[in-house]
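What follows is one structure encoded as structure tokens, with my remarks underneath.
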Amino acid sequence: MNAPINIAGLLKKTKDVFNFHGGVHLPEHKAQSNQLPIGQLPLPDQLVLPLRQHIGNMPKVKVAVGDHVLKGQLIAEAEGSVSAAIHAPTSGTIAAIADAVLPHPSGLPDRCITITPDGNDTWIERHPQDWRKGDVNTLVNSLRLSGIVGLGGAAFPTQIKLRSNRSPIHTLVINAAECEPYITCDDMLMRERYDQVVHGIEVAQRLLGAKNIMIGIEDNKPEAVKAMQAAVENTDIQVKVVPTVYPSGDARRLVYLVLGKEVPQNKRSTEFGVQVFNVATVLALYRYFEFGEPAISRIVSMTGNVNQAQNFEVLFGTPLRHLVKAAGGAKADTSHYIMGGPMMGFNLPSEDVPITKAANCIIAASSTLFEPPPPAMPCIRCSRCADACPVSLQPQELYWFAKSDNFEKAQDYNLFDCIECGACSYVCPSDIPLVQYYRYAKSEVIALDKAQEAADLARERNEFRLARIEREKQERTAKHAARAQGAKAAKVAGNSDSKPAATDKQAAIAAAIARAKAQKETDSAAPKNTTEMSAATKAEIAETDSRRVAAGLTEEKSPAADNDKQAKIVAAIARAKAQKEDVSKVSVSGDDKTTKPVVDADRQAKIDAAIKQAKVAKAEAGKEKTSGNNDGQLMVDADKQAKIDAAIKRAKAAKSAALTAKNKEDN
Amino acid sequence: MNRSPYITNAPSVSSIMLKVLLALLPGIFVYAWLYGGGILITLVLATATALATEAIMLKLRRRPVQPFLSDYSAVITAWLLALAIPPLAPWWLIVVGVAFAIIIAKQLYGGLGYNPFNPAMVGYAVLLISFPVIMTKWPAALSFAETKLSFMDQFNYIFSHALPANISMDAVTSATPLDYLKTQLKLNQSMDTIQVAPIFGVFGAKGSEFVALAYLAGGAFLWQQRIITWHLPTAFLGAIAAMAGLFWMIDPSQFANPVFHLFSGASIFAAFFILTDPISGPTTPKGKLYFAAGAGVITYLVRVYGGYPDGVAFAVIFMNICVPLIDMYTQPRVFGHKK
Ligand code: SF4
Ligand code: SF4
């Protein structure tokens, strides 16, 4: 009931930090990887660079297989407003541009550029820029070519956070809390490269025009604190030592810790003048301007079940296997690898995945290091989870609603404010995988919303169609009437008393024309809007559906999938398939339309992701088709049939998995 | 793929429940010392009944038996009920009470985690309503009574309702102070004359006030172990003290003082062991305050105006009904939401 926190936290209030509610104290395991200095890796035999290592659009490939590239050469350029460029991390030859397995929770393969290094590590000509004096706009715009993304793990393109059309920033918070266990990459960065960090902060300060700069470091990193405190002397940067309470490194929590300000829900901190950057990100900014070096490497903690845990400077695209070897190899009982920390990280599909911009830490896992959770017991409403929740949610209520598929209630209880930090699961005596229930509920809500939107759209369209038919009928009748009347009028005019009849006729014709015109207008305008809207919508539907399919595939514990859901999934797949064509069509036409207002960046990104994922889903369905036993009955829409079958199979698997999970829990 | 968090650090449900049992031990010890070993017989009977009925019900409901038996929640229910009924009650009373608590109040609602009412209190209320005479007959604390019953005497009495030839039931039992107070006040006696009766101790009932102190120690242990928070006991005892204080100040000749109320009946026991049942209680901090304060007020009112000497069971059951409402209206402000 008392989360294992507050008392220590309350005492620290004197240290001019503001403690947020909840949070947990975690065993740190940091000493394991911060004993050795940051190591360098030998060049691997191959570098595999996923095109999408960031949030946003896939960048456009600028090289072809067989090309020779130099270190730092742009090989894919940012596309659309939210995107990041990719550079060759070393000199060599482009060996392939193809799909490969990615370090991503979905476990889906995606497009990658493979480089075979030539061993010379020859730099391309670099262009340092004067970040102290240069024009801010030019500097910020040039960042589009830097490939720099948030290195704290979110991988959001940094240029966007610096653009001038944002609200004015007065406070810059540097996130160096590094609150997850095991991870020490920022710690080591500050210990060894404090001077560059300070320059990096100065770069960000200059570009943002911020006056008030603070760097938040958890008090479990005394060396880093000391190094930074010495380094910021004679600057106006403040080092804020924050208590070691997970998740202090969450941006909103950190802003509260150092400023005492709660970022309102659905708002960004920038709206009240606060911008947050990860410490490694600002260092990358500095290196880009000072030396003209784009983002080609990062520091990664390789720790856990390896023989010699250490931080390494790793070129993007380096296969994990190479990194593990550098850390003395994995111990014999290593079962898999986790990317990120043990609280919010995810399982990597294999040792072959490349290190990407988002990879701050790789943990070799074993069943002794991370014991598989015991079967879940029922919730005993002990409210430990509520005491631990940094967002002040009621996880036990959310769990209840998610479990009973009462999504509306779950949203009433602010499901979408959950940051999936895992603090609730961490303290739950019943070992309930709470966060997985929230992930499931969120994806379900999104799916239902989209389905609803699509249904509304369909209904709307149908109404349009009926209205048009009705209108055309009316028009025809009106025309007939007008003609008949015209004839009559002519006849009458041929007689004597023409005037009133003529007016009558003219009025009728005018009215008909006006009506027709008006209707034509709506006819031509409205459906266009609908199609435009539907492009995005459909894309999102496709995205959600494929995500759900992926979830069904991978989440054995997914509490989803009763018959109802199975039906839903099948329907969703069918729908996604049916709409896929539209999506690509419309997205193409959308690109053509130069006048089209710039689509909200996020949305654009989503659409892109959706299209990609829909493709992946299709590919997958294709795979299942060949392995499945229904090759014979490929009919009109073979692809669709295969998909539905695959979906049913998956849904069935998910259902049985859910049942097992449920049984386990009931035990 | 996303299975995080990969680490947990929580005491298991069993270890939480075990600590609650542990926290009851000082109280049980003092109880046995003052009233004789008969309570141990009742505790053993209650435990056996609880485990047996729980196992049977789990089997009938096709639930795994072992994990749910080893969560000790049934044992807690058994012990709480055993400690709440008079120590010399016949054997079948505790068996009926515990069986009712486990079968009806717990398992039929879905078992651990699903019972809306505190099972021990449901069992207690049923017994109180069905067997009011037995349920209100408390033996005087042995150490202070003139007639003493040996452990074997108690054993025989519990199982065969037989007392040694030279001892009558009236010699060993007496009204509880709460009961006595109520009847005497009805006879228009004033507090001054009532409170000199031998059944009154230093601040509560003679004897049982020490048991209450031992429960208090157990409660402090639970708080220190973070099994319970301060909210429930504080609000409950605070409400009783406030109500008693108010009435007492208005007319000290008609109403007992707050300290007496805190150390009589089941006040302390309920504050730390009954209200703190997490399953049937509220989860929000504010909700806990309302819940416990409400229970305290009702307890006091039943004591003073109701037909039964103590009102904890009815107060708790009534407040259990209100839990969903309380939880709904006491949601804490979510981070980043309007103040
Ligand atoms: S979900 Fe877990 S931590 Fe939360 S109240 Fe239930 S049992 Fe306790
Ligand atoms: S995962 Fe969500 S509900 Fe759980 S503690 Fe974190 S924010 Fe709260």
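How many of the residues in the stretch A:419-431 are within 11 Å of ligand 2 (Cβ to nearest atom) and surrounded by 23 or more Cβ atoms within 10 Å (Cβ to Cβ)? Spell out how you get there, then give the answer.
Start the filter on the stretch A:419-431 by keeping residues that are within 11 Å of ligand 2 (Cβ to nearest atom), which leaves A:419-428.
Narrowing further to those that are surrounded by 23 or more Cβ atoms within 10 Å (Cβ to Cβ): A:421-428.
Total satisfying the criteria: 8.
Consider the stretch A:54-73. How many of its residues are within 25 Å of A:Asn360 (Cβ to Cβ), open to solvent by less than 40 Å² (accessible area, probe 1.4 Å) and part of a loop (DSSP other than H, G, I, E, B)?
Kept after step one, since they are within 25 Å of A:Asn360 (Cβ to Cβ), are these residues of the stretch A:54-73: A:54-59, A:71-72.
Pick out the ones that are also open to solvent by less than 40 Å² (accessible area, probe 1.4 Å) and you get A:54, A:56-57, A:59, A:71-72.
Those left that are additionally part of a loop (DSSP other than H, G, I, E, B): A:54, A:56, A:59, A:72.
Total meeting the criteria: 4.
Considering only the stretch A:398-415, I want to know if a residue exists there that is within 21 Å of A:Ala154 (Cβ to Cβ), more than 10 Å from ligand 1 (Cβ to nearest atom), touching a helix residue (DSSP H, G or I) at 6+ places or on another chain (Cβ under 9 Å) and in a helix (DSSP H, G or I). Yes, some residue in the stretch A:398-415 is within 21 Å of A:Ala154 (Cβ to Cβ), more than 10 Å from ligand 1 (Cβ to nearest atom), touching a helix residue (DSSP H, G or I) at 6+ places or on another chain (Cβ under 9 Å) and in a helix (DSSP H, G or I).
One line per residue, one yes/no per condition, for (1) away from ligand 1 (no atom under 16 Å from the Cβ); (2) aliphatic (A, V, I, L, M); (3) in a helix (DSSP H, G or I):
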{"residue": "B:Ala271", "(1), (2), (3)": "yes, yes, yes"}
{"residue": "B:Asp277", "(1), (2), (3)": "no, no, no"}
{"residue": "B:Gly281", "(1), (2), (3)": "no, no, no"}
{"residue": "B:Lys288", "(1), (2), (3)": "no, no, yes"}
{"residue": "B:Ala292", "(1), (2), (3)": "yes, yes, yes"}
{"residue": "B:Val297", "(1), (2), (3)": "yes, yes, yes"}
{"residue": "B:Pro309", "(1), (2), (3)": "yes, no, no"}
{"residue": "B:Asn320", "(1), (2), (3)": "yes, no, yes"}
{"residue": "B:Leu325", "(1), (2), (3)": "yes, yes, yes"}
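Within the stretch A:363-395, track down each residue that is near ligand 2 (Cβ under 9 Å from one of its atoms) and out of contact with any Ser or Thr (no Cβ under 7 Å at 6 or more places or on another chain). Matches in the stretch A:363-395: A:Cys385, A:Ala388, A:Cys389, A:Pro390, A:Val391, A:Ser392, A:Leu393, A:Pro395. Per the listing A:Val239, A:Val255, A:Val225, the residue uniquely of a type outside the set (Asp, Glu), over 19 Å from A:Glu290 (Cβ atoms), out of contact with any Gly (no Cβ under 8 Å at 6 or more places or on another chain) and assigned to a strand (DSSP E or B) is A:Val239.
Residues being more than 16 Å from ligand 2 (Cβ to nearest atom) and closer than 25 Å to A:Ala309 by Cβ are entirely absent from the stretch A:444-454. If the condition is being out of contact with any Gly (no Cβ under 6 Å at 6 or more places or on another chain), of a type in the set (Gly, Ala, Ser) and part of a loop (DSSP other than H, G, I, E, B), then the stretch A:74-95 contributes A:Ala78, A:Gly80, A:Ser81, A:Ala88, A:Ser91. Against the conditions (1) aliphatic (A, V, I, L, M); (2) more than 14 Å from every other protein chain (Cβ to nearest Cβ); (3) within 19 Å of the chain's Cα centre (by Cα), B:Leu18 satisfies every one except (2).
Inside the stretch B:251-275, residues that are buried (at least 24 other Cβ atoms within 10 Å of the Cβ) and either within 16 Å of ligand 2 (Cβ to nearest atom) or among the polar types (S, T, N, Q) (or both) make up a count of 2. Every test in (1) within 14 Å of chain A (Cβ to nearest Cβ); (2) closer than 26 Å to B:Leu22 by Cα; (3) out of contact with any Phe, Trp or Tyr (no Cβ under 7 Å at 6 or more places or on another chain) is passed by B:Lys286 save one, and that test is (2). Take the residues in the stretch A:262-308 that are within 14 Å of another protein chain (Cβ to nearest Cβ) and touching a strand residue (DSSP E or B) at 6+ places or on another chain (Cβ under 7 Å); name whichever of them is farthest from A:Asp16 (Cα to Cα). If we take residues in the stretch A:262-308 being within 14 Å of another protein chain (Cβ to nearest Cβ) and touching a strand residue (DSSP E or B) at 6+ places or on another chain (Cβ under 7 Å), then A:Asn305 is farthest from A:Asp16 (Cα to Cα).
Take the residues in the stretch B:99-118 that are open to solvent by 10 Å² or more (accessible area, probe 1.4 Å) and part of a helix (DSSP H, G or I); name whichever of them is nearest to the other protein chains (Cβ to nearest Cβ). Going through the qualifying residues, I end up with B:Tyr109. One residue stands out among those in the stretch A:349-387 that are facing another protein chain (nearest Cβ under 9 Å) and touching a strand residue (DSSP E or B) at 6+ places or on another chain (Cβ under 9 Å): the one that is surrounded by the most Cβ atoms within 10 Å (Cβ to Cβ), which is A:Ile363. Of the strands (runs of 3 or more DSSP E) contained entirely in the stretch A:263-358, those carrying at least 1 residues that are under 30 Å from B:Lys338 (Cα atoms) fall at A:274-278. Test B:Asn9 against the criterion of being within 14 Å of chain A (Cβ to nearest Cβ) and farther than 30 Å from A:Leu102 by Cβ, and give yes or no. The answer is yes for B:Asn9. For the stretch A:197-213, does any single residue satisfy the condition of being in contact with a helix residue (DSSP H, G or I) (Cβ under 7 Å, 6 or more places away or on another chain) and part of a strand (DSSP E or B)? Yes, the conditions are met somewhere in the stretch A:197-213. Considering (1) of a type in the set (Gly, Ala, Ser); (2) open to solvent by 30 Å² or more (accessible area, probe 1.4 Å); (3) within 16 Å of ligand 2 (Cβ to nearest atom), the lone condition that A:Ala467 does not fulfil carries the number (3).
Within the stretch A:402-418, take every residue that is within 12 Å of ligand 2 (Cβ to nearest atom) and out of contact with any Leu (no Cβ under 7 Å at 6 or more places or on another chain) and give me the one that is farthest from B:Val13 (Cα to Cα).
Applying the first criterion (within 12 Å of ligand 2 (Cβ to nearest atom)) to the stretch A:402-418 yields A:402, A:410, A:413-418.
Right, trim to out of contact with any Leu (no Cβ under 7 Å at 6 or more places or on another chain) and you get A:402, A:416.
Working: A:Ala402: 22, A:Phe416: 29 Å.
Ranking the candidates gives A:Phe416 first.
Flag: B:Tyr35 matches the condition of being more than 11 Å from chain A (Cβ to nearest Cβ) and under 30 Å from B:Ser150 (Cβ atoms).
Scanning the stretch A:440-457 for residues that are in contact (Cβ under 8 Å) with a residue 12 or more places away in the chain and either open to solvent by 50 Å² or more (accessible area, probe 1.4 Å) or in contact with a Cys (Cβ under 6 Å, 6 or more places away or on another chain) (or both) gives A:Ile446, A:Leu448, A:Glu453.
Does A:Leu398 satisfy the criteria of being within 8 Å of ligand 2 (Cβ to nearest atom) and either within 7 Å of another protein chain (Cβ to nearest Cβ) or among the aliphatic types (A, V, I, L, M) (or both)? Spelling it out, A:Leu398 is indeed within 8 Å of ligand 2 (Cβ to nearest atom) and either within 7 Å of another protein chain (Cβ to nearest Cβ) or among the aliphatic types (A, V, I, L, M) (or both). Quick check: anything in the stretch A:12-21 closer than 28 Å to A:Glu351 by Cβ, open to solvent by less than 60 Å² (accessible area, probe 1.4 Å), modelled with pLDDT of 90 or more and assigned to a loop (DSSP other than H, G, I, E, B)? Within the stretch A:12-21 (the criterion being closer than 28 Å to A:Glu351 by Cβ, open to solvent by less than 60 Å² (accessible area, probe 1.4 Å), modelled with pLDDT of 90 or more and assigned to a loop (DSSP other than H, G, I, E, B)), the answer is no, since none of the residues qualifies. For beta carbons closer than 8 Å, sequence separation of 6+ or different chains, a first residue in the stretch B:20-37 that is more than 23 Å from B:Ala74 (Cβ to Cβ) and a second that is open to solvent by less than 20 Å² (accessible area, probe 1.4 Å) and part of a helix (DSSP H, G or I), the qualifying pairs are B:Val30/B:Val211; B:Val30/B:Ala214; B:Leu34/B:Val211; B:Gly36/B:Gln154; B:Gly37/B:Gln154.
Scan (1) at pLDDT 90 or above; (2) away from every other protein chain (no Cβ under 14 Å) for the single condition A:Ala447 breaks and write down its number. Failing condition for A:Ala447: (1). Could you check the stretch A:313-348 and list, in sequence order, the residues that are in contact with an Asp or Glu (Cβ under 9 Å, 6 or more places away or on another chain), hydrophobic (A, V, I, L, M, F, W, C) and open to solvent by 10 Å² or more (accessible area, probe 1.4 Å)? A:Ala330, A:Met344 - these are the residues of the stretch A:313-348 that are in contact with an Asp or Glu (Cβ under 9 Å, 6 or more places away or on another chain), hydrophobic (A, V, I, L, M, F, W, C) and open to solvent by 10 Å² or more (accessible area, probe 1.4 Å).
The values are calculated or read from the model by the stated rules, or taken from the named source; none is laboratory data. Keep in mind that this is a model prediction, so the values were computed, not measured. Here the Cβ is made from the backbone with ideal geometry for all residues, glycine too, and neighbour counts use every protein chain on show. Side chains are part of the model used for accessible areas, which takes the heavy atoms of the whole protein and leaves out ligands, DNA and RNA. Shrake-Rupley method; radii C 1.70, N 1.55, O 1.52, S 1.80 Å.
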